[in-house]
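Asker: The structure's right below; bear with me while I get my questions together.
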């Protein structure tokens with residue numbers, strides 16, 4: 001998969017080089033089942049019309065740019081998002097740099113410059129997608145902002161137990177320690193990367209303070225362990241680390257409830 005970082009400086013050159021694509025739009029934090037439905041829909045369009053499959057997102061999160069001191073609780077860093085999108089068969093991942101200047105781009109201009117301009121022949125997004133200055137553009141306005149020969153597909157809401165599958169709901173379940181319900185939203189248990197030297201890698205969220213059953217994945221081996229979450233950024237692992245600088249994948253299974261006597 002080709003990962004292309006887009007900004008105001010290189011946009012024109014990228015427009016000239018862009019291949020024809022079926023483009024999925026969204027932020028895709030966590031790449032949960034709702035996101036996967038959008039990407040799979042775009043993939044079917046790509047196969048039907050013999051296009052490459054692209055995803056267009058942005059980084060950092062708008063609130064971190066527009067609200068001074070705002071701390072975004074990302075579900076995963078962009079590197080892990082890249083891994084997941086590649087597994088879904090995406091050919092091109094456009095990562096647009098979100099800036100205060102970009103936040104002022106009107107909806108129609110955003111669609112022309114960053115979507116049509118980057119080769120979109122089919123546009124696919126979720127029902128709640130927004131774009132442009134002050135989120136003035138939405139799924140219903142896209143067809144007014146693109147030429148009539150461009151296909152537009154809006155993916156319906158995906159629910160679980162009556163609730164919309166969303167990154168917000170996953171973060172809620174993490175904070176409430178409802179880890180066993182997360183696979184129904186993500187398609188797998190929640191995972192984080194951990195460095196034996198520096199701890200949890202940046203841009204992950206953690207479950208609330210407590211003790212948890214986990215699986216540790218390293219070099220195709222999986223072992224059971226226990227993790228104690230001490231704060232939003234710090235955990236302690238009860239296991240024998242393979243080496244001081246090792247980076248491990250932690251799969252969060254369930255909270256351990258200790259009996260009170």
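Asker: Taking strands (runs of 3 or more DSSP E) that fall entirely within region 89-186, which contain at least 2 residues that are touching a residue at least 24 places away in the same chain (Cβ under 8 Å), surrounded by 20 or more Cβ atoms within 10 Å (Cβ to Cβ) and within 19 Å of the chain's Cα centre (by Cα)?
Answerer: By residue number, 92-97, 120-126.
Asker: Look at residue 19 and say whether it is assigned to a loop (DSSP other than H, G, I, E, B), more than 22 Å from residue 173 (Cβ to Cβ) and at pLDDT 95 or above.
Answerer: So residue 19 passes the test.
Asker: A further question follows. In region 47-71, how many are assigned to a loop (DSSP other than H, G, I, E, B) and touching a residue at least 40 places away in the same chain (Cβ under 8 Å)?
Answerer: Counting residues in region 47-71 that are assigned to a loop (DSSP other than H, G, I, E, B) and touching a residue at least 40 places away in the same chain (Cβ under 8 Å) gives 1.
Asker: Here is a check on your reading of the model: is residue 27 in a loop (DSSP other than H, G, I, E, B), closer than 20 Å to residue 120 by Cβ, in the same structural domain as residue 127 (by TED's automatic domain parsing) and in contact (Cβ under 8 Å) with a residue 24 or more places away in the chain?
Answerer: Yes: the conditions hold for residue 27.
Asker: Turning to a different aspect of this structure: Identify the single condition in (1) out of contact with any helix residue (DSSP H, G or I) (no Cβ under 7 Å at 6 or more places or on another chain); (2) under 24 Å from residue 96 (Cβ atoms) that residue 152 does not satisfy, given that it satisfies every other one.
Answerer: (1)
Asker: Answer yes if at least one residue in region 41-61 is within 17 Å of residue 205 (Cα to Cα), out of contact with any strand residue (DSSP E or B) (no Cβ under 8 Å at 6 or more places or on another chain) and in the same structural domain as residue 110 (by TED's automatic domain parsing), and no otherwise.
Answerer: Yes, there is a match, as at least one residue in region 41-61 is within 17 Å of residue 205 (Cα to Cα), out of contact with any strand residue (DSSP E or B) (no Cβ under 8 Å at 6 or more places or on another chain) and in the same structural domain as residue 110 (by TED's automatic domain parsing).
The values are calculated or read from the model by the stated rules, or taken from the named source; none is laboratory data. Every value quoted in this text rests on a predicted model; they were computed, and no experiment measured them. Cβ sites come from the backbone with ideal geometry, for glycine too, and all protein chains shown count toward neighbours.
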